[in-house]
Amino acid sequence: MRTFYSFLWYLLLPFLFLRLWLRGRKAPAYRQRWKERMAWGYRPGTLRRSLWVHAVSVGETLAAAPLIERLLADHPKTPLLVTTTTPTGSERVKALFGDRVTHVYCPWEVPSALKRFFRAFDPQLVVVLETELWPNLCAEAKRHGAKLMLMNGRLSENSFRGYRKLPRLVRPMMAQFDVLAVQTPVEAERYVALGAWPERVHAIGSVKFDMTLDAPVRQKAAALRADIGARPVWIAASTHPGEDEQVLAAHRDVMARHDDALLVLVPRHPERFDDVASLVRQQQMTVARRSAAESPAQAQVYLADTMGELLMLFGAADVAFVGGSLVPVGGHNLLEPAAWQKPVLTGPHLHNFTAISQLLDEAGGLSVVNDAGALAMTLLALLDDAARCRAQGEAAAAVVEANRGALEKGLTLIGEQLTVNS
């Protein structure tokens, strides 16, 4: 089955390169470093006995940041390789870690590319994040003699059903994992059902609960809020196409009661920044762009068209809506605004964060809205009631505090694998 799977990847290569070129029309970085997608140009033995952490994009990179920092501190003599698949993820790795780690793009699922990659970077342990399950990568890791670990693993019901349709491909892959550190007991059961060895699966919680709000982040948030002034502020974070229109409609309803209200709008993907700015102007709302250092003081919409600042931006708002949820994307990280003690709002599409959203909902820290009208009503109810706003934010923050600890458990499991493989 994997032979046929690999053959399909080779057939897809021309289309994958074409996709990079097309995406590069709006995001030129996709046309750069393209050789890394095939692991071309690497010198064998570039690293020796490295520890490889694979994320995908910005969200996974930020979630893995505390883990990577601890790995750098706990294993200073082990070369650390961090890979992503997107330019935005690449930018975050470079901004957060600089030359303390080696960063390249993860190669595509082409056997020849993976062989070149493993020869170059020689990982002794491969740690993949969340749902990065790739049969050829896993097979090459074991052929190379590396240990293989899933960290912060999650698996929605829809993804589980999809994987179950390909048992001849998925079961051998799952059996190759030496350890799976997953978020919930339900997900542990799903991974076992797909072929993981039960004794290798550990439900340790989510490392996303272990985020910290350090002094620089708090200071930047306070400075931005001072620039905004004393007015109602809400943030719509990680929005997708089809969602911005609903957010702006809700903001118009909010401004009907609070004409000085400010929306901090944060599109998920940087290639959409200009389009969203045009959309705001089409709605006849005034917009200030953070990338141009324009002050939000007199604007109705503050377009946060920069990268790596979302956590800070949550701190400058009164109420937070997290996108990817009014459209069927599956939601994004609800815990960042919760850590700031902000009331968290979301749409109904939450299949990527089922367990986290359930915890927040049960604690009274989450409001689920189905459309622009419900979003506006909920926003107004919170903005008009300071006590309710504060109580819901405190409930959300309490969930974060109560569920810390997955990072330490995951680091222990990583340490065990490095010891076994030394």
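The values are calculated or read from the model by the stated rules, or taken from the named source; none is laboratory data. Being a predicted model, the structure only gives us computed values, none of them experimental. As a convention, Cβ positions derive from the backbone with ideal geometry for all residues, glycine included, and neighbour counts pool all protein chains shown. Accessible surface areas use protein heavy atoms only, side chains included; no ligands, DNA or RNA. Shrake-Rupley method; radii C 1.70, N 1.55, O 1.52, S 1.80 Å.
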Accessible surface of Asp305 - all protein chains present, 1.4 Å probe, nearest 10 Å²: 10
Please report, as a whole percent, how much of the solvent-accessible surface of the chain comes from carbon and sulfur atoms (probe radius 1.4 Å). 54
Viscosity 1.002 mPa s, 20 °C: Kirkwood-radius Stokes-Einstein D of the range 193-235 over Cα pairs, µm²/s: 146
Report Rg (one decimal) and Dmax (nearest whole number) for the range 123-248, counting Cα atoms only, units Å. 20.2, 60
Roll a 1.4 Å probe over the protein chains and send me the accessible area per residue for the chain in Å². 42
Report, please, the projected area of the range 281-374 averaged over directions, based on the convex hull of its C-alpha atoms, in nm². 6.9
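Just the ratio, please: alpha-carbon radius of gyration of the range 58-209 over 2.2 N^0.38 Å, N its number of residues.
Values: Rg = 15.3 Å, N = 152, 2.2 N^0.38 = 14.8 Å.
Taking the Cα Rg and dividing by 2.2 N^0.38 Å, one obtains 1.03.
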Using the Kirkwood radius over C-alpha pairs as Rh, can you work out the diffusion coefficient of the range 46-141 via Stokes-Einstein at 20 °C, viscosity 1.002 mPa s, in µm² per second? 161
For Val201, which sequence-distant residues (separation of 5 or more, or a different chain) have an amide H within less than 5 Å of its own amide H, given hydrogens modelled in the peptide plane? Leu180
If you line up the long axis of helix 2-23 against the longest principal axis of the chain, both from Cα atoms, how many degrees apart are they, to the nearest 10? 40
Counting every Cα pair in the range 1-106, what percent are over 25 Å apart? 30
Ratio Rg/Rh, restricted to the range 370-422 and using Cα atoms, in which Rh is the Kirkwood radius: 1.40
Using Cα centres only, tell me the gap between the range 151-224 and the range 8-77 in whole Å. 20
Applied in sequence order to the range 180-197, the curve 6.51 cos²θ - 1.76 cosθ + 1.60 (Karplus, θ = phi - 60°) yields integer Hz couplings, x standing for Gly and Pro, of 10, 9, 10, 7, 9, x, 4, 5, 4, 4, 5, 5, 5, 4, 7, x, 6, 5
Counting all Cα-Cα pairs in the range 249-326, those more than 18 Å apart amount in percent to 38
Phe7 - accessible surface, heavy atoms, 1.4 Å probe, Å² rounded to 10: 110
In vacuum, with every alpha carbon of the range 319-422 counted as one equal point scatterer, what does the Debye formula give for log10 I(q)/I(0) at q = 0.10, 0.12, 0.18 Å⁻¹? Two decimals, please. -0.34, -0.45, -0.81
All alpha-carbon distances of the chain, grouped into 20 Å bins from 0, give the whole-percent distribution 25, 56, 19, 0
Once the dipole of the chain is set up from charges on Cβ (+1 Lys and Arg, -1 Asp and Glu), the residue from the list Tyr10, Phe177, Met149 lying farthest towards its positive end is Tyr10
What are the residues whose amide H is under 5 Å from the amide H of Lys147, where those residues sit 5 or more places off or on another chain and H is modelled from the backbone? Leu125, Val126
Candidate cut points under trypsin sites (Lys or Arg not before Pro) in the range 103-199, DSSP loop plus at most 16 other Cβ atoms within 10 Å of their own Cβ, are Lys165
Summing Lys, Arg as +1 and Asp, Glu as -1, what charge do residues with Cβ under 15 Å from the Cβ of Asp260 carry, Asp260 excluded? -1
Helix 215-228 axis, angle to the chain major axis (alpha carbon atoms, nearest 10°): 30
For Val276, what charge total do you get from the other residues with a beta carbon under 13 Å from its beta carbon, if Lys and Arg give +1 and Asp and Glu give -1? -1
Simple Cβ-charge dipole of the chain, Lys/Arg +1 and Asp/Glu -1, about Cα centre, in debye nearest 20: 2020
Would you mind working out the magnitude of the charge dipole of the range 1-137 relative to its Cα centre, with +1 at each Lys and Arg C-beta and -1 at each Asp and Glu C-beta, to the nearest 20 Debye? 560
Using Cα atoms only, what is the angle between the long axis of helix 406-421 and the major principal axis of the chain, expressed in degrees (0 to 90) to the nearest 10? 10
Lysine pairs with alpha-carbon atoms under 16 Å apart, the chain, spacing 8 or more or separate chains: 4
CD proxy, 222 nm, the chain: helix-only mean residue ellipticity via -39,500 (n - 2.57) per DSSP H run with n ≥ 4, per residue, nearest 500, stands at -14500 deg cm²/dmol
